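Enquirer: After the structure tokens below, expect a handful of questions from me.
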Amino acid sequence: MTQVRERPKARSSDQAETMAFTIGKIGVIGAGQMGNGIAHVVALAGMDVLLNDISTDRINAGLATINGNLTRQVSRKLISEEDRQAALARISAAETLEKLGDCDLVIESAAEKEDIKRRIFSDLCPNLKPDAIIGTNTSSISITRLAASTDRPEKFIGIHFMNPVPVMELVELIRGIATNDTTFEACREFVKKLHKTIAVAEDFPAFIVNRILLPMINEAIYTLYEGVGNVEAIDTAMKLGAHHPMGPLELADFIGLDTCLSVMQVLHEGLADSKYRPCPLLVKYVEAGWLGRKANRGFYDYRGDKPVPTR
């Protein structure tokens, strides 16, 4: 007599793969330029946001920036005053990581340093509910490697917003090797709610945008370093000759020269190609603390009424 074998029940991990997950409450770690921008667009899209940083002063500075940017949008008639007030009401301060415990998604937006990000994830994971997703706004670091430093690599994903977040339309979504379909689809729907366009990138150093953009900026710095043109000539050439809205050196200052250097280092180390070697002049500016707009000096000096080239 032939025995009929009972079909084995799906394991919990398999079930998790097929179950839909809806993201409602968001945590953002890092209240700086990128983090406050993410909180801004999430709140404007109607979702509750908790904003965290290493100090209350930093959180308050981030909230003040959000208010200023929302007010600017009102003055330009992009949103109403009611929209501004409603968005601000949806953002709360989270002075500790414990307060992110009921979030469905927590997006890390700290400095572009792997050791800092790993430390944040180590401290964050014990405070999260089991089904919470962790996203990272890294612009270059391996998603797979960062995911491996957490207790939930299958619920970890790259969600790379462009700067400035309230203005730029694109978000790169990057899966690590362990990221499951439920996580990816939930984050895809989340980004759609923000009215952003998604570009799906593979987990290679710097992904798509910065893989193309940062070597261009680095080459502009080499052009300056080698004396081919001065700051003003290089930026004018690219604005008028290539129709770029911002010259590459002006853009580098806007991004932050420390971030530019970090991305180039990731590209150089990750791809082992000499064409990604950071320009020595970029290294020198970062060593001097001339990091661009946020430090009031970079390839331009911003301490006066009008930016002045420094070379």
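Enquirer: State all residues of segment 284-309 that are touching a residue at least 40 places away in the same chain (Cβ under 8 Å) and of a type in the set (Gly, Ala, Ser); if no residue qualifies, say none.
Expert: 292, 298
Enquirer: Hey, any hits in segment 24-41 for a residue that's assigned to a helix (DSSP H, G or I), touching a residue at least 24 places away in the same chain (Cβ under 8 Å) and farther than 21 Å from residue 136 by Cβ?
Expert: No, segment 24-41 contains no residue that is assigned to a helix (DSSP H, G or I), touching a residue at least 24 places away in the same chain (Cβ under 8 Å) and farther than 21 Å from residue 136 by Cβ.
Enquirer: Suppose we filter 224, 214, 281, 267 for residues that are within 30 Å of residue 61 (Cβ to Cβ), in contact (Cβ under 8 Å) with a residue 12 or more places away in the chain and not in a loop (DSSP other than H, G, I, E, B); which single one remains?
Expert: 214
Enquirer: Whether any residue in segment 140-155 is without any contact (Cβ under 8 Å) to a residue 60 or more places away in the chain and under 23 Å from residue 61 (Cα atoms) is what I want to check.
Expert: no
Enquirer: Restricted to segment 10-33, and to residues that are of a type in the set (A, V, I, L, M) and at pLDDT 90 or above, which residue is surrounded by the fewest Cβ atoms within 10 Å (Cβ to Cβ)?
Expert: Only one residue fits best here, namely 23.
Enquirer: May I pose another question? Residues that are of a type in the set (Val, Ile, Thr) and touching a helix residue (DSSP H, G or I) at 6+ places or on another chain (Cβ under 8 Å): which strands (runs of 3 or more DSSP E) entirely in segment 104-181 hold 3 or more of them?
Expert: Correct list: 133-136.
Enquirer: Oh, and also: Condition check: touching a residue at least 12 places away in the same chain (Cβ under 8 Å) and either in the same structural domain as residue 140 (by TED's automatic domain parsing) or part of a helix (DSSP H, G or I) (or both). Does residue 240 satisfy that?
Expert: Judged against the criteria, residue 240 is not a match.
Enquirer: Of all residues in segment 172-227, which are closer than 22 Å to residue 133 by Cβ and among the charged types (D, E, K, R)?
Expert: Matches in segment 172-227: 172, 175, 181, 185, 188, 189, 192, 193, 196, 202, 203.
Enquirer: Restricted to segment 51-70, and to residues that are among the polar types (S, T, N, Q) and surrounded by 14 or more Cβ atoms within 10 Å (Cβ to Cβ), which residue is nearest to residue 149 (Cα to Cα)?
Expert: Filtering segment 51-70 for residues that are among the polar types (S, T, N, Q) and surrounded by 14 or more Cβ atoms within 10 Å (Cβ to Cβ), the one nearest to residue 149 (Cα to Cα) comes out as 52.
Enquirer: While we're looking at this one, here's another question. Could you check, for segment 143-159, whether at least one of its residues is buried (at least 20 other Cβ atoms within 10 Å of the Cβ) and under 26 Å from residue 73 (Cα atoms)?
Expert: Yes; the residues of segment 143-159 include at least one that is buried (at least 20 other Cβ atoms within 10 Å of the Cβ) and under 26 Å from residue 73 (Cα atoms).
Enquirer: May I ask you to verify whether residue 95 is closer than 20 Å to residue 37 by Cβ, among the acidic types (Asp, Glu) and either in contact with a Leu (Cβ under 7 Å, 6 or more places away or on another chain) or not in a helix (DSSP H, G or I) (or both)?
Expert: no
Enquirer: Which pairs turn up if I take residues in segment 163-176 that are of a type in the set (Lys, Arg) and look for partners that are surrounded by fewer than 17 Cβ atoms within 10 Å (Cβ to Cβ) and outside any loop (DSSP other than H, G, I, E, B) with beta carbon separation below 7 Å, at least 6 apart in sequence or on another chain?
Expert: Listed pairs, sorted by first residue: 175/184.
Enquirer: Among the residues in segment 194-211, are any farther than 21 Å from residue 146 by Cα and part of a helix (DSSP H, G or I)?
Expert: No - not one qualifying residue is present in segment 194-211.
Enquirer: Looking at this structure, is residue 191 in a strand (DSSP E or B), touching a strand residue (DSSP E or B) at 6+ places or on another chain (Cβ under 6 Å) and either free of Cβ contacts under 8 Å to residues at least 40 places away in the same chain or in the same structural domain as residue 40 (by TED's automatic domain parsing) (or both)?
Expert: Judged against the criteria, residue 191 is not a match.
Enquirer: Still on this structure, please answer the following. Pairs only if they're at least six apart or on different chains, beta carbon under 9 angstrom, first in segment 72-83 and assigned to a loop (DSSP other than H, G, I, E, B), second aliphatic (A, V, I, L, M); list them, first residue then second.
Expert: Going by the 9 Å Cβ cut-off, the qualifying pairs are 79/44; 79/70; 79/87; 80/74.
The values are calculated or read from the model by the stated rules, or taken from the named source; none is laboratory data. Bear in mind that the values here come from a model prediction, so they are computed numbers and not experimental data. Quick reminder, even Gly has a Cβ in these numbers, built from the backbone with ideal geometry, and neighbours come from all protein chains shown.
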